[in-house]
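Enquirer: Below is one structure. I have some questions about it.
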């Protein structure tokens, strides 16, 4: 039988399990984005209790090596590879690339005149018509992110025609001739408002990881301006810099988040 976790021996065993799993992750036995075996399988493999495994996984989570999303198997974070433009732009493509099932549901679409800051971001005349889309996104059925996306009317009218539960707006728009070729990303914090609290089942005022994105077509004309708010413990963004290139990548993350004021 697996040992009791209490006392000095249990303390040593959870550290040993954490060390073994850390070695396997660093060695590439579990690739970035891969799911670790279930707790019961790990407990049997290492001859310990599930509580000891859980304690070891908490250590790896604190080290930023695995996720901590409750109700699912832990996902490996280490060694995150550079991602394609499509994976970084599209939540759906990214989710599929890490073996998760993406989902989405439109909460509401509002057609209205653009505020000045919105018109500036989308390269529109003052008070030009825009479509504002509020949408919740899911990973394998669990809500993890709320999208707030503004589209110029020529793009928004196409989005309004899509089914409310369409998995990917980006794929649908590309199929209708809208091209996404360049994007600027700003990562900061936001605080959950009433819509976030309702759609993500979190307290109002909770800190959320926020990605603001402005995407343009081949001619440099803006096609969307989006603010995506993620629950802590669902994703992190990593940047790789070199003299040759710089890449931004999105990955699963432990419960930490960077921060956010309004974009200037």
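The values are calculated or read from the model by the stated rules, or taken from the named source; none is laboratory data. The model shown is predicted, which means the values in this text are computed figures rather than measured ones. Neighbour counts are summed over all protein chains in view; Cβ atoms, including those assigned to glycine, are modelled from backbone coordinates with ideal geometry.
Enquirer: Return the only residue of 213, 198 being closer than 29 Å to residue 124 by Cα and surrounded by fewer than 19 Cβ atoms within 10 Å (Cβ to Cβ).
Expert: Working: 198 fails: closer than 29 Å to residue 124 by Cα.
Criteria check complete, one pass: 213.
Enquirer: Here's another thing I want to ask about it. Return the total of residues in region 61-93 being in a helix (DSSP H, G or I) and at pLDDT 80 or above.
Expert: First, pick out the residues of region 61-93 that are in a helix (DSSP H, G or I): 61-62, 85-89, 91-93.
Subsequent filtering for residues that are at pLDDT 80 or above retains 91-93.
The total comes to 3.
Enquirer: If you don't mind, there's one more thing I want to ask. Given the criterion touching a strand residue (DSSP E or B) at 6+ places or on another chain (Cβ under 7 Å) and modelled with pLDDT under 90, identify the matching residue among 180, 237.
Expert: Values: 180 fails: modelled with pLDDT under 90.
Exactly one residue qualifies, and that residue is 237.
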